[in-house]
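Worksheet for the structure shown next.
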Amino acid sequence: MRDEIFKNPLEKQFEFDKSVASVFDDMVSRSVPFYTQNLKLIVELISHFTAQNAKICDLGCSTASLLLALYEKRNDLILSGVDEASAMLEIAKNKCKAFGAKIDFYQENLDDFIFFKNDAFVATYTLQFIRPPKRQELVDKIYQNLNENGIFVLSEKILYDDVKIAKKMIQIYEQYKLEQGYSKLEIATKRQALENVLIPYTQSENVAMLQKAGFTKIESVFKWVNFETFVAFK
């Protein structure tokens, strides 16, 4: 289904409810620049840096697009996904059934999720929805539950420290969304809905958070305007 949620007047703050889940795949592909290419990059990174039968956990897995791409690339991987939204997981499970993919899903808020050991964790545009006071604690848990030589792939919307650059990047991103078919009204309404719900960090704040958790080797592997992907190695 096509994302037309924000053509209507704002009734509440943004949440991953049934209405969002029903259009999520279209929403994310049109709202996140180079989403498909970044997903493919993450698949390649995980495939390269993990051994046979590695365990991979997607935190905030939404409709399982990344997990299914991993399954198609390497069906030896032991895959799991965590998401709080039941509507997202319902779609994820249906997609997995259609592909014949065996993937374990957990419906949990990440603050309450009981972590288990994995060779790779992934969080694509997930931590930005975690309240800042809880974010470091979550990254600490990720590090502690990574096996040795494990990796954590983190994709986030980011802020810029310089006000002039930040303003220009916002303008470039808004032009991108207009080119994807969103109206100025839709863009403004969604921005209002996400206020105090999506709270991004700067590049340096994300790196500092990873370092504080224990990661010593951190690389930025993708960046476009205010979207960036990091890989952290244990």
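Would you be so kind as to identify which of 232, 142, 81 lies farthest towards the positive end of the dipole of the chain, taking Lys and Arg as +1 and Asp and Glu as -1 on Cβ and the Cα centre as origin? Selected residue: 232. Here the extension length gained between residue 145 and residue 185 equals 10.1 nm, from 0.36 nm per residue of separation less the Cα-Cα distance. Between the residues 183, 101, 56, the greatest Cα displacement towards the positive end of the dipole of the chain, with unit charges on the Cβ of Lys, Arg, Asp and Glu, is found for 183. Under 5 Å from the amide H of residue 150 lie the amide H atoms of 234, each residue being 5 or more positions distant or on a separate chain, with H modelled from the backbone and absent for Pro and chain starts. With the cut-off at under 18 Å, measuring from each backbone N in region 1-32 to a point 7 Å along the Cα-to-Cβ line of residue 196 picks out 10-16.
Need one number: the % of Cα-Cα pairs in region 104-144 sitting beyond the 15 Å mark. Provide the component values of the computation, followed by the final result.
Working: 337 of 820 pairs.
Result: 41 percent of Cα pairs exceed 15 Å.
Shape class of region 31-132 from the alpha-carbon gyration tensor: rounded, with the ratio a/c of largest to smallest axis under 1.5.
Loop-located GluC sites (Glu not before Pro) across region 166-207 with a Cβ neighbour count of 14 or fewer within 10 Å are 195, with loop assigned by DSSP.
Taken about its Cα centre, the chain carries a charge dipole of about 340 debye when Lys and Arg each add +1 at the Cβ and Asp and Glu each add -1 at the Cβ.
Note on residue 26 and residue 168: the extension gain reaches 48.5 nm, defined as 0.36 nm multiplied by sequence separation minus the Cα-Cα distance. Only helical runs count toward this figure. For the chain, summing -39,500 (n - 2.57) over DSSP H runs of n ≥ 4 and dividing by all residues gives -14000 deg cm²/dmol at 222 nm. Remark on residue 222: its backbone amide H falls under 5 Å from those of 229, a criterion applied only to residues 5 or more positions apart or on other chains, H modelled at 1.01 Å from N.
Expressed as a whole percent, how much of the Cα-Cα distance distribution for region 92-234 exceeds 25 Å?
Working: 3901 of 10153 pairs.
Value for region 92-234 (Cα pairs over 25 Å): 38 percent.
Here each label is just a point 7 Å from Cα along the line to Cβ, and for residue 78 and residue 204 those points are 4.1 nm apart.
Read-outs: derived from the displayed coordinates by stated rules, not from any lab. These numbers come from a predicted model, not from an experiment. Every residue, glycine as well, gets a Cβ built from its backbone with ideal geometry; the counts of neighbours run over all protein chains shown.
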